[in-house]
Amino acid sequence: MSATQNRRRPPLSATETVRIIARLFDRYGIDRRPDRDRSRDGEGFERVLFYAVRDGLIRLPPKRGAPSKWQGKLGLELVEAVEAYRMANPIIRKGAPRLMSLAKAIRALREQHPDKWGEYLSDDLEKRYHEAKKTWSYVNRLMVLLDRWHEKRPDIYPENS
């Protein structure tokens, strides 16, 4: 990259921002008179910015940094493996079945699948399980796996794994 491509543009001043938004209002035919919006809920601004992003006039900056591998396919596999093991091996005390503790389930998974989970420490896997569980909650997993075009679906988008 050349030095000119590497430089960042300075942020827009408030007056430049207002001018750009006013031009967007004009472009999309939305009334921008001061008395147009008595409620001041910002619905007009929201609509104009949505149209501008949709039409490619404004690009949102990309997120910085690489996503955690535990938010991708590996995290999904960990959450599903731990939950499946805990459901298949309940602990029965006083006649009532209970789920196995997370620590015991992870230790057992490491013993059963040393090629996949053996290289990680149990404490580390517990932390990563909680990190992945935030991303891959049950409802989110259903939503992603049932939607064939979802951006986080692991089998279609391998960069998330």
Quiz item: How do the pairs read when you match residues in region 13-25 that are open to solvent by less than 80 Å² (accessible area, probe 1.4 Å) with residues anywhere that are not in a helix (DSSP H, G or I), using Cβ under 6 Å and keeping only pairs 6 or more apart or on different chains?
Solution: Ala22/Arg32; Phe25/Arg32
Self-check item: Selected residue (criterion: farthest from Arg59 (Cα to Cα)) from residues of region 1-43 that are in a loop (DSSP other than H, G, I, E, B) and at pLDDT 75 or above
Solution: Asp31
Quiz item: So which helices (runs of 4 or more DSSP H) are wholly in region 44-161 and hold at least 1 residues that are surrounded by 10 or more Cβ atoms within 10 Å (Cβ to Cβ) and at pLDDT below 85?
Solution: 73-88, 122-135, 138-146
Exercise. Please enumerate the residues belonging to region 80-136 that are under 22 Å from Ser68 (Cα atoms) and touching a Ser or Thr at 6+ places or on another chain (Cβ under 6 Å).
Key: Ile106
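The values are calculated or read from the model by the stated rules, or taken from the named source; none is laboratory data. Predicted model only: the values in this text are computed from it and were never measured. With ideal geometry, Cβ positions are generated from the backbone for all residues, glycine too; neighbour counts draw on all protein chains shown. Accessible surface is based on the protein model in full, side chains and every heavy atom, while ligands, DNA and RNA are left aside. Shrake-Rupley method; radii C 1.70, N 1.55, O 1.52, S 1.80 Å.
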